[in-house]
Amino acid sequence: MATHDRYLVARVYDAGDDAGHRILIDRLWPRGLTKEAVGVEVWLKDVAPSNELRKWYGHDPDKYAEFTDRYHAELAGEKQREALRTLRELSGTVTLLTSAKEVELSHATVLAELLNGAGGTA
């Protein structure tokens, strides 16, 4: 991510000083972690891809472009738009947390690009 991006992405399992608001954006709670260990401000399940889309994608790099398109389409739903509104209303830096092993191929990266103005219009 560029340093001017307001929405950053991090793995929830990685220790570190994440900037600003810490928002969990996965549909499922990260395995093996307590709420205290995660230290999230908000858990926005509704901004995560549907279970069907998540299972179809399976973090297959060959499906990433189509996953991005399908995920953007899902983000047009009412609950998803409300979750996006919540993210946009936060002031300052927002760190989007995910348990995905390959963050660069995850919905978190797609979402950060969208929110930073580089990934479509949802």
Highest GNM mean-square fluctuation among GLU66, GLU78, GLU36, for the chain with Cα springs under 10 Å, belongs to GLU36
Highest-MSF residue in the chain out of ALA108, ALA73, ALA83 [GNM, Cα springs under 10 Å]: ALA73
Order of SER106, SER91 - criterion: other Cβ atoms within 10 Å of each residue's Cβ, fewest first: SER91, SER106
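Summing +1 for each Lys or Arg and -1 for each Asp or Glu, what net charge is found among the other residues whose Cβ lies under 13 Å from the Cβ of PRO30? Intermediate values should be presented prior to the final figure.
On the way: positive: ARG11, ARG22, ARG27, ARG31, LYS35, LYS45, LYS101; negative: ASP14, ASP26, GLU36.
Residues near PRO30 contribute +4 overall.
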So, relative contact order of the chain in percent, Cα under 8 Å, 6 or more apart, is 40 percent
With Cα springs under 10 Å, the Gaussian network model of the chain assigns the largest mean-square fluctuation among LEU105, LEU84, LEU28 to LEU28
For segment 7-115, what number of Lys pairs, 8 or more residues apart or on separate chains, have alpha-carbon atoms under 24 Å from each other? 11
For segment 7-115, the dipole about the Cα centre with charges only on Cβ (Lys and Arg +1, Asp and Glu -1), to the nearest 20 debye, works out at 300 debye
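Read-outs throughout are calculated quantities, based only on the coordinates presented, and are distinct from any laboratory measurement. What you see is a predicted model, and the numbers here were worked out from it, not measured in a lab. Quick reminder, even Gly has a Cβ in these numbers, built from the backbone with ideal geometry, and neighbours come from all protein chains shown.
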